[in-house]
Amino acid sequence: MKLPIQDREAAGRELARALEDYRNRKHLVVLALPRGGVPVAAEIAQHLDAELDLMIVRKLGMPGQEELAMGAIASGGARVLNRQVLDYAGVSDEVLEEVTERERLELARRERAYRGDHPWPDMRDATVILVDDGLATGATMSAALEALKVHRPREVVVAVPVAPADTIRNLRDSADKIVCLETPDHFSSIGQWYQDFNQVSDHEVQQLLGHFWKE
């Protein structure tokens, strides 16, 4: 894939081609990490004729440096912490719990806004492809992978267009396969590798999900 990536939809189409071998898999579920992962995952699910759903994850941002992840939480109550960041910054347990509770409230809001009463997909013995628009520290994807364990899928694939090489290495033991199109050097943020990295709105997420859930 040529960098910078045009937009999330273009990233999804490129990933879909890289995942072509999964097209005829029985019981295939594509799980997007909202909000940015949803347009990417929608392209993949459409190309592979797969079910599209969500794994909602919230980053636990460092107070004053919110882009730096202390960890992440995910649907179902999973929490993954980045001990290296926590120890280096000297974050107290009290501050960590305050941030966690705030993000739990936002995660619950998004669950209601996006899912409503739509049931969780049956993922037992399924092939599940977890999709985001890119990875930085990998904290959110780690939380998603942890949360997915309770559903007992047969195979778990992580699919992202761009991420640092060390993040991919750190995730390899947590997934059966990782598909990452580019691992550029000098990685400071996901957005630097996109031409269009505008924020995805709740309305866009609802529209994309509605298209698949009506079918």
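The values are calculated or read from the model by the stated rules, or taken from the named source; none is laboratory data. Small disclaimer: the values here were computed from a predicted structure and weren't measured. Note that each Cβ is placed from the backbone with ideal geometry, even for glycine, and that neighbours are counted across all protein chains shown. For the accessible areas, the whole protein counts, side chains as well, though only heavy atoms, and no ligand, DNA or RNA atoms are used. Shrake-Rupley method; radii C 1.70, N 1.55, O 1.52, S 1.80 Å.
Worth pointing out:
- When the stretch 6-26 is filtered for residues that are more than 18 Å from Asn198 (Cβ to Cβ), touching a strand residue (DSSP E or B) at 6+ places or on another chain (Cβ under 9 Å) and not in a helix (DSSP H, G or I), the ones remaining, listed by number, are Leu19, Arg25, Lys26.
- Considering only residues in the stretch 182-215 that are out of contact with any helix residue (DSSP H, G or I) (no Cβ under 6 Å at 6 or more places or on another chain) and aliphatic (A, V, I, L, M), the one that is nearest to Gly138 (Cα to Cα) turns out to be Ile190.
- The single condition from (1) modelled with pLDDT of 95 or more; (2) part of a helix (DSSP H, G or I) that Gly210 fails is (1).
- Each residue in the stretch 65-121 was checked for being in contact with a strand residue (DSSP E or B) (Cβ under 8 Å, 6 or more places away or on another chain), in a loop (DSSP other than H, G, I, E, B) and open to solvent by less than 90 Å² (accessible area, probe 1.4 Å), and 4 pass.
- Number of residues in the stretch 14-25 that are touching a residue at least 40 places away in the same chain (Cβ under 8 Å) and farther than 12 Å from Val160 by Cα: the value is 2.
- Extreme residue, least open to solvent (accessible area, probe 1.4 Å), among residues of the stretch 1-55 that are under 14 Å from the mean Cα position of the chain (by Cα) and among the basic types (Lys, Arg): Arg8
- The stretch 190-214, residues that are farther than 29 Å from His118 by Cα and open to solvent by 50 Å² or more (accessible area, probe 1.4 Å): Gln192, Gln195, Asp196
- Flag if Glu182 is surrounded by 12 or more Cβ atoms within 10 Å (Cβ to Cβ), charged (D, E, K, R) and free of Cβ contacts under 8 Å to residues at least 60 places away in the same chain: no
- Some residue of the stretch 148-164 being open to solvent by 20 Å² or more (accessible area, probe 1.4 Å), assigned to a helix (DSSP H, G or I), among the charged types (D, E, K, R) and out of contact with any helix residue (DSSP H, G or I) (no Cβ under 7 Å at 6 or more places or on another chain): yes
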